[in-house]
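Here's the structure, in structure tokens; my notes come after.
The values are calculated or read from the model by the stated rules, or taken from the named source; none is laboratory data. Computed from a predicted structure; not experimentally measured. Because the Cβ atoms are built from the backbone with ideal geometry, glycine has one as well, and the counts that use them run over all protein chains shown.
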Amino acid sequence: MSALSIENLSIVFNGKAGNFAAVDDISFDVAEGETFGLIGPSGCGKTTALRAVAGLNLDWSGAITAFGAPLQPGRKITGSLRRDIQMVFQDPYSSLHPRHRVGRILGEPLSLAGSAKVGEEVASALDRVGLNADIAGRYPHQLSGGQRQRVAIARALLLKPRLLLLDEPTSALDVSVQAGILNLLNDLKRDTGMTLVLVSHDPGVVAHMCDRAVEMGKGKIRRTLSRADLEVL
Ligand SMILES: Nc1ncnc2c1ncn2[C@@H]1O[C@H](COP(=O)(O)OP(=O)(O)OP(=O)(O)O)[C@@H](O)[C@H]1O
Ligand SMILES: [Mg+2]
């Protein structure tokens, strides 16, 4: 079974010059356990495609199937797929609540999911991403960029997703910190068997991380890259 299957996905926005397809009839398949790259120039539709898969934009056409279950355009993702699919954003600063401490940012989804051991689980989530438990008492602005991205990854992992969507997870970080986050993602993937879809501008990152990739341009898929293609990227 595919972790993710996308068939003839199109996403249209109303621009000043009329409607335009930010994602224009794309299809690809991601196998379970694979790290799949989505590359292409700025504005080609990568984030837009990912947001539809995450259920953050419901206005799309075509077919999106995750672990055999179809998503429905126009309808929120429900049931187990809500936990199974999580997304990490490019800029963790805007995705973490500025006035909540890390303990609350991580604790709330656990409480909502009915956890009885929130404190313990928050500590173990921080540990898993290589952060000290005392980080729980800090606000996002009291963290470095790399620490913030680790918190964002910890939050995405809390609900034990099977598919993790990563939108430029390291582009806001400097090179030394980038490597740490990428290695962390590879370790987590090895430990959990999770499937990753990784959006990146950086050919080096994609070559280091991905089993396969597709390159987008102006909303369309321009080419598919095998592992061998990625070696020479
Ligand atoms: N909510 C929206 N309303 C209208 N147009 C949008 C909206 N979101 C994105 N777009 C447009 O859709 C196109 C694709 O945007 P998208 O954010 O998916 O690109 P991207 O490939 O992720 O680029 P980047 O690498 O810069 O993040 C762009 O032309 C963008 O301006
Ligand atoms: Mg983007």
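Of the numbered criteria (1) crowded, with 21+ Cβ neighbours inside 10 Å; (2) aromatic (Phe, Trp, Tyr); (3) away from ligand 2 (no atom under 16 Å from the Cβ), the one residue 89 fails is (3).
Pairing residues of the stretch 17-28 that are at positive phi and of a type outside the set (Val, Ile, Thr) with residues that are at pLDDT 95 or above and within 10 Å of ligand 1 (Cβ to nearest atom), at Cβ distances under 9 Å and at least 6 apart in sequence or on separate chains, gives 25/219. Mind listing whichever residues of the stretch 162-205 are at pLDDT 90 or above, of a type in the set (Ser, Thr, Tyr) and surrounded by 19 or more Cβ atoms within 10 Å (Cβ to Cβ)? Residues satisfying the conditions are 195, 200. Give the stretch 190-225 a look and list any residue that's in contact with an Asp or Glu (Cβ under 9 Å, 6 or more places away or on another chain) and among the small types (Gly, Ala, Ser), or say none. Correct list: 193, 200, 207, 213, 219.
Tell me which of these residue 96 doesn't satisfy, since it passes every other one: (1) in contact with a Ser or Thr (Cβ under 9 Å, 6 or more places away or on another chain); (2) crowded, with 18+ Cβ neighbours inside 10 Å; (3) under 30 Å from residue 204 (Cα atoms). The number of the failed condition is (1). Residues of the stretch 166-222 that are part of a strand (DSSP E or B), more than 16 Å from ligand 1 (Cβ to nearest atom) and either hydroxyl-bearing (Ser, Thr, Tyr) or more than 21 Å from residue 153 (Cα to Cα) (or both): 195, 212. Here residue 58 meets each of (1) closer than 23 Å to residue 26 by Cα; (2) loosely packed, with under 13 Cβ neighbours inside 10 Å with one exception, condition (2).
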